[in-house]
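As structure tokens, the structure follows; a few thoughts come after it.
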Amino acid sequence: MGRKELKESFFQESAQIFKLLSSPIRLKLINYISFCPRTVESCADRFNQSIQNTSLHLIALAKAGILSVEKHKNFRIYSLQEKNVLDLISSQLIAGSRPLLKDDLYWKEGLDSLAQGIKTQKVSLIDLREEAEISYIPVITAIPYHGKPSHLKTFLQDFNPKKPLVFFCRGSWCERMTSSVEAANRIKYNVKGAGFSALQLEMLNLNLAN
């Protein structure tokens, strides 16, 4: 194959990928699976879709090499295979971030500043993700919280109300992060919210480890 044909083939394959990603539910599935491997059933339940419809989307993404699939007993478990696609999606999600939380309640200092604050013990990091997500991408020094936002007062009683706390979840569209930050501020704690992609969590870990 000559250079011209190789170039044409590249753009044809790229066009197919963008066509595949033109479905909102597929973008949601990729983002959801990036935080930890998921079964078809858990994906269907998360996005209120039928198992059949969800399975068709996941199969299409797996055939394109974006996801990989393993069979475990009676379940098919999907995980992210092509991280370049996640990088593309994450860039768009980050560009459209902070849609749910008021601007003054959002952490704006960036990953480097957050890592430095954690290492110098000036900031504490609270992880609101599910247990499976925390196990798959654990964040150094992060303190997990799995309770309801309405129960935060008991959880926070051992923290200094004046010390900055950063609550984070999966992405800026996480309603759990939004409601938790708002609840903590109502009881006069210095809390900001952050929504990280899976790639950002890996970058944060690198910053914390150095």
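Computed from the coordinates by the stated procedures, all read-outs in this text should not be read as laboratory data. No experiment lies behind these values; they were computed from the predicted model shown. Virtual Cβ from ideal backbone geometry, glycine too; neighbours counted across all protein chains shown.
Quick notes
- In this calculation the C-beta distance from ASN185 to HIS146 is compared with R0 = 30 Å, giving a FRET efficiency of 0.90.
- In plain terms, if you count all Cα to Cα distances in the chain and split them into 10 Å steps from zero, the share in each step is 8, 30, 31, 20, 8, 2, 0 percent.
- The alpha carbon centroids of the stretch 149-207 and the stretch 6-49 are separated by 28 Å.
- Remark: the Cα gyration tensor places the stretch 3-86 in the prolate category, a/c being 1.5 or greater and a/b exceeding b/c.
- Seen through its C-alpha gyration tensor, with square-root eigenvalues sorted a ≥ b ≥ c, the stretch 117-187 comes out oblate because a/c lies at 1.5 or above while a/b is not bigger than b/c.
- At the listed q of 0.16, 0.31, 0.34 Å⁻¹, the Debye profile of the stretch 153-193, built from one uniform point per Cα, gives log10 I(q)/I(0) equal to -0.36, -1.11, -1.23.
- Fully extending the segment from PHE155 to LEU27 would add 42.7 nm, taking 0.36 nm per residue of separation and subtracting the current Cα-Cα distance.
- The chain - Cys residues lacking any other Cys C-beta under 4.7 Å: CYS36, CYS43
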